[in-house]
């Protein structure tokens, strides 16, 4: 999996439209990898990894200090700065952004937040309702 940039030569951007109709995006913003609020949410994601996968969620980790990632793929520092600017994230701010498969912002919430709340937002979406009906159990 590659992290699409806005154009092939522009390594400072992340083209979120590249994931449209394929994945829902969960973008986590935190000061650092060692931040306790971030760590707590990351643990929720790990404990409920199958549920994250079932909802076609890709997780971006955007940190002020440390490595920015899309799942396990590194994002460069400029891509992290681009995402912070795009979503108006202030220094020191903890935020979670949910983008639906349609490319629209579905949730913007300060961390800490329970993953079950995010799942509830996703599960109420018409596209997710259809997925649950059509996918084999």
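Annotation note: Cβ proximity below 8 Å between a residue of the stretch 85-108 that is free of Cβ contacts under 8 Å to residues at least 12 places away in the same chain and on the phi < 0 side of the Ramachandran plot and a residue that is surrounded by fewer than 15 Cβ atoms within 10 Å (Cβ to Cβ) and in a loop (DSSP other than H, G, I, E, B) (sequence gap 6+ or interchain) occurs for no pair.
Restricting attention to the stretch 64-97, the residues that are in contact with a helix residue (DSSP H, G or I) (Cβ under 6 Å, 6 or more places away or on another chain) and not in a loop (DSSP other than H, G, I, E, B) total 1. The single condition among (1) surrounded by 13 or more Cβ atoms within 10 Å (Cβ to Cβ); (2) over 11 Å from the mean Cα position of the chain (by Cα); (3) over 18 Å from residue 109 (Cα atoms); (4) at pLDDT 95 or above that residue 30 does not meet is (3). Note on the stretch 108-137: among residues that are surrounded by fewer than 16 Cβ atoms within 10 Å (Cβ to Cβ) and closer than 19 Å to residue 17 by Cβ, the one that is modelled with the lowest pLDDT is 127.
When the stretch 39-54 is filtered for residues that are in a helix (DSSP H, G or I) and farther than 16 Å from residue 95 by Cβ, the ones remaining, listed by number, are 43, 46, 47, 49, 50, 51, 52, 53, 54.
The values are calculated or read from the model by the stated rules, or taken from the named source; none is laboratory data. The structure displayed is predicted, hence computed values, not measured ones. Neighbour counts run over all protein chains shown; Cβ positions are idealised from the backbone, glycine included.
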